[in-house]
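Worksheet: the structure to be examined is printed underneath.
The values are calculated or read from the model by the stated rules, or taken from the named source; none is laboratory data. Note that the structure is predicted; figures quoted are calculated from it, not measured. All Cβ positions, glycine included, derive from the backbone under ideal geometry; neighbour counts span all protein chains shown. Side chains are part of the model used for accessible areas, which takes the heavy atoms of the whole protein and leaves out ligands, DNA and RNA. Shrake-Rupley method; radii C 1.70, N 1.55, O 1.52, S 1.80 Å.
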Amino acid sequence: MKTMLDSMDAARIIGYFKGKNILITGSTGFLGKILVEKILRVQPDVNKMYLLVRGIDAPSAKQRVQQEVIGTELLGLLREKHGNGFQRFIEEKVVALAGDIKYDNLGLEVSRLEELAKEIDIIVNIAATTNFYERYDVSLDVNVMGVKHLCQFAKQCAKLKMLMHVSTAYVSGDREGMLLEKPIMPGESLREGAFLDVDAELRLVRNVKKELNATNDAHKTELNASDSLEAHQTERKAMKELGLQRARHFGWSNTYVFTKAMGEVLLGQLRGDIPVVIMRPSIITSVRADPLPGWMQGTRTIDTLIIGYAKQNLSCFLADLDLVMDVIPGDMVVNAMMAAMVAHSEERGTQVVYHSTSSLRNPATYNVLYESGRRHFTENPRVGKNGEVIPTSEMYFFNTIARFHLYMILTYKLPLEILHLVNLLLCGIFSRLYNDLNRKYKFVMHLVDVYGPFAFFKGCFDDMNLERLRLTMTMKTQEDQMFNFDPKTIDWDDYFYRIHIPGVLKYLCK
Ligand SMILES: NC(=O)c1ccc[n+]([C@@H]2O[C@H](COP(=O)([O-])OP(=O)(O)OC[C@H]3O[C@@H](n4cnc5c(N)ncnc54)[C@H](OP(=O)(O)O)[C@@H]3O)[C@@H](O)[C@H]2O)c1
């Protein structure tokens, strides 16, 4: 990063958003809500906040924003601050747009798009499909073409000062060693000799779908409702498998991170001279400080461990307790985004990549999470339906995939094979049971295949660029602390014990 950064404090960040028109995608999601709340709270004089959400029309988009963003617990502090004037304040500042980033014009009327292009100062693209095993066509539409469409729109915006794109640190793949904050170049992939051509991937999907449709059309005369459902399911499965297969061909572990990487490539190619910041968080965890410690939405992989432990329905887990899980609280990601938008506003031609991560500056191991969980549940034992105390038992951790596979073969696969044999001998009386158990077995193995690489991730995210930005921050006043994005200030044990675990139990384990 070559740009010189001026000193930064809360007043500068807050002042920057005054009078601005901001277009935000992904506001109904976890991170998007935290950003919307923060800007509205710290800068009530923001001009307009346009929230592009999927909906069939304007009223349904408005209703979604009202229910899924404005009406949530996360906005409690803001609601309190404005009292009776809250709804008026929201009506004045927040505009819901019914759209979809997978379309050329973002799913908006051309005239509306033209009006917006005159007004918008800042675009924040948070929208994504975050499913690791998403259909390839859907992932490409949202995580790749969505970025392209926003970039095309950004270029039409007469007074645009910033395009902030949220990506993921895992676009670097599950490599070992130091992973840098550097852009991904066109053609670059994680597998030596494999040239990644985004257009070729788009063509491939179109062709595979065409072939699948042709096969269905061949049977069309007899195609009834159940056949068409089957055709849909076949396409769905084929698209999901194609995503995983292409991701792995180029060295990424799943469709999500692979398509996020392609989104970055396209942004780099198309951005022209618009100022671009790419923020790459690692695993985003609950809000640590404000507005609502512990608040979160959507279960991350590490939270399945907490939920399973809480419910005592998970006796083992796939993780090496000594490995670092790179996590970062959602409010810190948002603070970093806001500071970065201010720092690079109107820097024409600039593209800066930031890692909002913790593994380099303040690594947290799985063991810290496990121990704080054990402490939490020992001190606050769970109570069953009949008022009985549920004892907290130890959890077993498989620290290699090979060990897990061996365990699964001995405990489940062998008995399943025996059941299969018995079933054959008894003319199929156990067919249903066998098919059911076999399906469950395959499902677990599939989960491990998709999520396993994250559990044994050995990389470390360098965050030199973000550290430079941090060093410009004066942290003198209480207000300055509201924009803290320094992971070194986190006491992980305290955060997990006091904030994150209670947050998971309150917001995810309802
Ligand atoms: N959560 C993490 O741990 C994490 C870590 C690293 C990076 N990130 C990145 O951070 C961003 C936010 O993640 P998140 O956890 O907040 O995700 P999330 O909760 O799944 O939210 C995704 C958002 O994107 C919207 N969206 C999806 N497809 C869309 C489309 N075609 N058009 C318009 N909007 C669409 C969703 O809208 P609907 O409500 O209509 O579905 C939702 O608002 C993503 O870009 C993700 O890649 C997340």
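What's the tally of Lys pairs in segment 9-131 whose alpha-carbon atoms lie under 16 angstrom apart, where the two lysines are 8 or more places apart or on different chains?
The result is 18.
Å³ per residue of the Cα convex hull, for segment 80-218?
Spread over its residues, the Cα hull of segment 80-218 gives 212 Å³ apiece.
Relative contact order for segment 27-139: what percent, with Cα pairs under 8 Å and sequence separation of 6 or more?
That works out to 31 percent.
Net charge near Lys148: determine it from the other residues with C-beta under 12 Å of the C-beta of Lys148, scoring Lys and Arg +1 and Asp and Glu -1.
Surrounding charge for Lys148 is -1.
Of all accessible surface on segment 396-510 at a 1.4 Å probe, what whole percent is carbon and sulfur?
Carbon plus sulfur share of accessible area: 64 percent.
Using Cα-Cα distances under 8 Å and only pairs 6 or more residues apart, what relative contact order does the chain have, in percent?
Relative contact order for the chain comes out at 20 percent.
Hey, any idea what % of segment 151-279's accessible area is carbon plus sulfur with a 1.4 Å probe?
C and S fraction of accessible area: 51 percent.
Provide the per residue accessible area, probe 1.4 Å, for the chain, rounded to a whole number of square angstrom.
Accessible surface, normalised per residue, equals 46 Å².
Nearest 20 debye, what's the magnitude of the dipole of the chain about its Cα centre given +1 on Lys and Arg Cβ and -1 on Asp and Glu Cβ?
460 debye
Report Glu176's accessible area, 1.4 Å probe, all protein chains in place, as a number in Å² to the nearest 10.
Rounded to the nearest 10, that gives 130 Å².
Per the Cauchy relation, a quarter of the hull surface: what is the mean projected area of the convex hull of the alpha carbons in segment 352-465, in nm²?
The orientation-averaged projected area of the Cα hull of segment 352-465 comes to 12.1 nm².
What is the percent carbon and sulfur in the accessible area of segment 1-64, measuring with a 1.4 Å probe over the protein chains and ignoring ligands?
Its accessible area is 51 percent carbon and sulfur atoms.
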